[in-house]
1. Compute the Cα gyration tensor for the range 1-53, then decide on rounded, prolate or oblate, letting a ≥ b ≥ c be the square roots of its eigenvalues: rounded whenever a/c is under 1.5, prolate when a/b is larger than b/c in the other cases, and oblate in all that remain.
2. What's the magnitude of the charge dipole for the range 1-53 around its Cα centre, counting Lys and Arg as +1 and Asp and Glu as -1 at the beta-carbon? Answer in Debye, nearest 20.
3. Rounded to the nearest 500 deg cm²/dmol, what is the calculated helix-only ellipticity per residue at 222 nm for the chain, with -39500 (n - 2.57) per DSSP H run of length n ≥ 4?
4. I need the calculated FRET efficiency for the pair Leu244 and Glu315, taking r as the beta carbon distance and R₀ as 35 Å, to the nearest 0.05.
5. So for the chain, averaging the separation of alpha carbon pairs under 8 Å that are six or more residues apart and normalising by length, what relative contact order in percent results?
6. Quick check on the range 210-304: take the gyration tensor over C-alpha atoms, sort the square-rooted eigenvalues as a ≥ b ≥ c, and tell me if it's rounded (a/c under 1.5), prolate or oblate.
7. Counting other beta carbons within 10 Å of each Cβ, put Thr144, Thr13, Thr246 in order, fewest first.
8. List the pairs from Lys118/Lys310; Lys40/Lys225; Lys102/Lys299; Lys97/Lys310 whose alpha-carbon separation is above 32 Å, in the order I gave them.
Amino acid sequence: MKERLLDMLACPTCGGDILLAYASQYEGSEIIEGVLSCKKCSREYKVMRGVPRFADLGKIESDKAATAENFGWQWTNFTQEDPKYNEQFLGWLQPVKKEFFKEKVVLEGGCGKGRHTKLAAEWGAKEVVGIDLGDGVESAFAATRSLPNAHIVQCDIFKLPFKKVFDYAFSIGVLHHTPDPKKAFISLAGKVKKGGHISAWVYGAENNEWITKYVNPIREGFTSKISQPVLYQLSKLPTLSVFLSTKLVYRPANIVAKPIAKRLFYNDYLNHLGTFGWREQHNIVFDHLVAPTAFYISKEEFEEWWDEVKAEDVEIIWHNQNSWCGFGKL
């Protein structure tokens, strides 16, 4: 944790300023071990292994804890990087371009292993803060600790420990895994200054009926309940099917026979998936099977979120024929 993060922090309980009570271990500019204290209510929060901890998984709701545990395991095991992450990230953020990050104070709602936090920092954000509830913060901190403008915080998206200081907030593929996606979106928007912007990418209800009908029951009743190491191995079988289909059918068809490719089932997404190798495809399949909670959001419902926060100049874009990208000014 870098000391200037203190300027952005606020007690998630009372909203008071957060002070550094003491630091027992530094590594360069990073506080590795220490204690933070609220100036107003005197609550204390630990800094452990470089990350300030505003959430105790043993004391939060069971559904949040299960999601944090499952995804935490994922992001401490799928730590690979891919050069296509840049393009993929911008696809989810559209119409935002990387130049948009320049000199902005940015909040990421759900940072996973930190790959998007890292990109935002590298694209010129003045400061970027990635938050997550699970153990993925360990991987995120490792991925970003060398960047002078990147910070990682462990906390609950519904109880964000920040002042209203951000120019831009975004959340990619996280809100639909919370118990109340709309409420999580509103919480994130609540930390953005007047005139700032927010982006969100969520699973779409439209065109995903086959998932909600056939895949969700398996995920809810079995795959999200078994141990993550076992699921890691079991998920290789559906990954093999997806990998062979994307590499031998979807990618070739979209290169040499686009009129035919357009008629293929789920073509836009599976063609996109085919640009990635085995490791990333395995990660994506595992991701779909590990989540205890997953909502699929209709366009009408998604539009209501933006109305709720009184966003202006809202753009909602249909992405890969299976998900919604949103962007607006607050």
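1. Working: a/c = 2.31, a/b = 1.82, b/c = 1.27.
In terms of gyration-tensor shape, prolate.
2. Working: 8 positive and 7 negative charges, 42 e Å.
The dipole of the range 1-53 has a size of about 200 debye.
3. Numbers: 12 runs with 108 residues, N = 330.
It comes out at -9000 deg cm²/dmol, rounded to the nearest 500.
4. Details: r = 36 Å, r/R0 = 1.04.
Using R0 = 35 Å, I get an efficiency of 0.45.
5. On the way: 638 pairs, mean separation 57.9, N = 330.
Reported as a whole number, the value is 18 percent.
6. On the way: a/c = 2.48, a/b = 1.28, b/c = 1.94.
In terms of gyration-tensor shape, oblate.
7. Details: Thr144 24, Thr13 14, Thr246 21.
Ranked by crowding around the Cβ, least crowded first: Thr13, Thr246, Thr144.
8. Details: Lys118/Lys310 30 Å; Lys40/Lys225 41 Å; Lys102/Lys299 30 Å; Lys97/Lys310 23 Å.
In this structure, Lys40/Lys225 lie more than 32 Å apart at Cα.
Taken together, the values in this text are just the output of simple stated rules run on the coordinates, not laboratory data. Not measured: the values here are computed from a predicted model. Glycine also receives a Cβ, built like all others from the backbone with ideal geometry; neighbour counts cover every protein chain displayed.
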